[in-house]
């Protein structure tokens, strides 16, 4: 069991749950600058629960989902230990979310262009980035009228193609934050309906 520390939060993370790293921390820093009080927020691919916990403690109503049952259980325990109130679901992206609309959807996506297997699921988006592209196609149906998406990817992902996919669904997208780490560049993309 690994322990992960982010500011005053301590999370317990069993293998093979994705442990928050530079990408998680960049998205967390962006999230902390948002006005979250009273907002309805979805933490997609919640992993250990870090982002949902931050949003909940900032006064948001939070739902968190992951395809991995053990990740949802890990995040639920961490949320309870940190005093965060979150509704958890096991779901393949939006599959089990009904018709709920969210003001903000955050996704620290598995972004590496690799084949998905049980072992690689925490970081692999599929050889053609199918997880990310499916997320973009489906997310628009779960956003409130003025809702937005914060999506974390890397320079190892096809940034230009991802921006194009957002444009194809009528969204305006831009790089909202970035961070250089030794082996790649991390990006947080902010996207919302183009007419806002």
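The values are calculated or read from the model by the stated rules, or taken from the named source; none is laboratory data. Predicted model only: the values in this text are computed from it and were never measured. Note: ideal-geometry Cβ built from the backbone for every residue, glycine included; neighbour counts use all protein chains shown.
When 71, 79, 64, 75 are checked against the criterion of being farther than 26 Å from residue 134 by Cα and surrounded by 23 or more Cβ atoms within 10 Å (Cβ to Cβ), 79 stands alone in meeting it. Screening 26, 42 for residues that are under 23 Å from residue 185 (Cβ atoms), surrounded by 17 or more Cβ atoms within 10 Å (Cβ to Cβ) and under 12 Å from the mean Cα position of the chain (by Cα) leaves exactly one candidate, 26. Within the stretch 1-18, the set of residues being closer than 28 Å to residue 147 by Cα and either surrounded by 15 or more Cβ atoms within 10 Å (Cβ to Cβ) or at pLDDT 90 or above (or both) comprises 6, 9, 18.
If the condition is being in contact with a strand residue (DSSP E or B) (Cβ under 9 Å, 6 or more places away or on another chain) and free of Cβ contacts under 8 Å to residues at least 24 places away in the same chain, then the stretch 34-60 contributes only 38. The residues of the stretch 66-90 include none that are modelled with pLDDT of 95 or more, under 15 Å from the mean Cα position of the chain (by Cα) and assigned to a loop (DSSP other than H, G, I, E, B). Has the stretch 168-181 got any residue that is over 23 Å from residue 51 (Cα atoms), in contact (Cβ under 8 Å) with a residue 24 or more places away in the chain, surrounded by 13 or more Cβ atoms within 10 Å (Cβ to Cβ) and in contact with a strand residue (DSSP E or B) (Cβ under 7 Å, 6 or more places away or on another chain)? Among the residues of the stretch 168-181, at least one is over 23 Å from residue 51 (Cα atoms), in contact (Cβ under 8 Å) with a residue 24 or more places away in the chain, surrounded by 13 or more Cβ atoms within 10 Å (Cβ to Cβ) and in contact with a strand residue (DSSP E or B) (Cβ under 7 Å, 6 or more places away or on another chain), which makes the answer yes.
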